[in-house]
Amino acid sequence: MNDELQARLVKVKRWLKSVEFSDWLFSNDPDTQAFCRSRIAKLSSSDWLERKLCGELGDRTWREPYRLLLVISETDPLGTLEGFLAAYLIGSRIRIKARGSLPLLEALRQALDLSESECEIADWQSQSQDDARLLDGVDVVLLAGGDSLIRHYRAVAPAHVRLVELGPKLSAMAILGDALPPVSHILTDVCLFLQGVCSSPRFIVVEKQRMAERLFDELASRLDALPRLPDDVRLGQLAKAKALYFQSLLSGGMFKVSHSEASGWGVTLSGELSPDIWLPTGISIVYGDVGRHLEQAHDRWFGQLQTLGYWGTESALRYGGFTRYCPVGKMHMRSALAPRDGVFTLAALVTFIDEENE
């Protein structure tokens, strides 16, 4: 690690240890807020950053981007912070789009002694943005967000600009055998970030029907106590839930649905992988052959699967298409040293130089 990189690392570690993150609101949900603070505390007190730099960049010769544009969905506040720190550590000039995280990023820019030329923070108004100006002088773009975001930058970025794309992805849970994981573990995975990040499980495959029905009942009894969804989301959930109740009656009870008007969360139960009977935000339980259902998921969302949380004695690794496998309860706890969506981010951002001496 050269002297400049070491100096930037020292600055970052000093800032992480000194800043009062209790002043920053990462989420209106207390559990998500606590999770974000815990992850940052771990980042500041461990050797993760040093190991990540050495592991991904090593002793190879590389060059940082002239200017790196960061466009990261703010439903993942940790992703915004981690993207900023990655760009700073490799020594790149930064241009970052932000809105909710503006105060945090402006404070970080000041703490790291970056000028506005070295770090431009643009307001997040995508509808009226000037693409040519935003991409001016940029040679690498780190994108983390939905389908429309990725498609937009693929369309407007010049051919010489490298796009490092993270998302959109979908995650799931697989429960095998005759025992359920603690419901608290399931709710941690489902409810953190209000199901707004890629590592949130969108559906749960349960091998045994009786276990699936038991899980449905347990989750339905807890819906009122789950973190309250935003008002606009709750209204959409209510409309969809009412339509599903009626649809369930017409189908002769082929599936079940339970919904909480208090929190907005809901849970469905069926024997088939049928997204049309899922709530937009909620817990979708599917029972039956785990392998068959996950194969269907692989076909339906080809190239879009991310994390599989598993519970039971059978190895989940035989279910292909996912880029991460972990026990239930740890779906958001990806190590900073691990690849994200199969990509080592630092290595993807820099340009490696081939040097021949003879």
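Tabulated data
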| read-out | value |
| --- | --- |
| Heavy atoms of Tyr66 accessible to a 1.4 Å probe, total area in Å² rounded to 10 | 120 |
| Farthest toward positive dipole pole in segment 82-154 [+1 Lys/Arg, -1 Asp/Glu at C-beta], among Leu108, Ser92, Leu135 | Leu135 |
| Listed residues Trp265, Trp48 arranged by accessible area, highest first, probe 1.4 Å | Trp48, Trp265 |
| Among 330-339, 249-258, the order from most to least packed when residues are scored by Cβ within 10 Å on average | 330-339, 249-258 |
| Selection from Tyr325, Met254, Leu57 lying farthest towards where the dipole of the chain points positive, charges on Cβ | Met254 |
| Which of Ala297, Thr313, Val343, positive extreme of dipole for segment 219-358 (C-beta unit charges) | Thr313 |
| List Asp299, Asp289, ordered by accessible area with a 1.4 Å probe, largest first | Asp299, Asp289 |
| In the chain, lysine pairs with alpha-carbon atoms under 15 angstrom apart (chain gap of 8 or more, or interchain) | 6 |
| Kyte-Doolittle at least -0.5, axis length at least 24 Å by Cα - qualifying DSSP helices, the chain | 231-250 |
| Helix-only mean residue ellipticity at 222 nm for the chain, each DSSP H run of n ≥ 4 adding -39500 (n - 2.57), per residue, nearest 500 | -11500 deg cm²/dmol |
| Check: the chain dipole with +1 on Lys, Arg Cβ and -1 on Asp, Glu Cβ, in debye | 640 |
| For Cys119, distant residues with modelled amide H under 5 Å away | Ile94 |
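The values are calculated or read from the model by the stated rules, or taken from the named source; none is laboratory data. Computed from a predicted structure; not experimentally measured. Note that each Cβ is placed from the backbone with ideal geometry, even for glycine, and that neighbours are counted across all protein chains shown. For accessibility, only protein heavy atoms count, side chains too; no ligands or nucleic acids. Shrake-Rupley method; radii C 1.70, N 1.55, O 1.52, S 1.80 Å.
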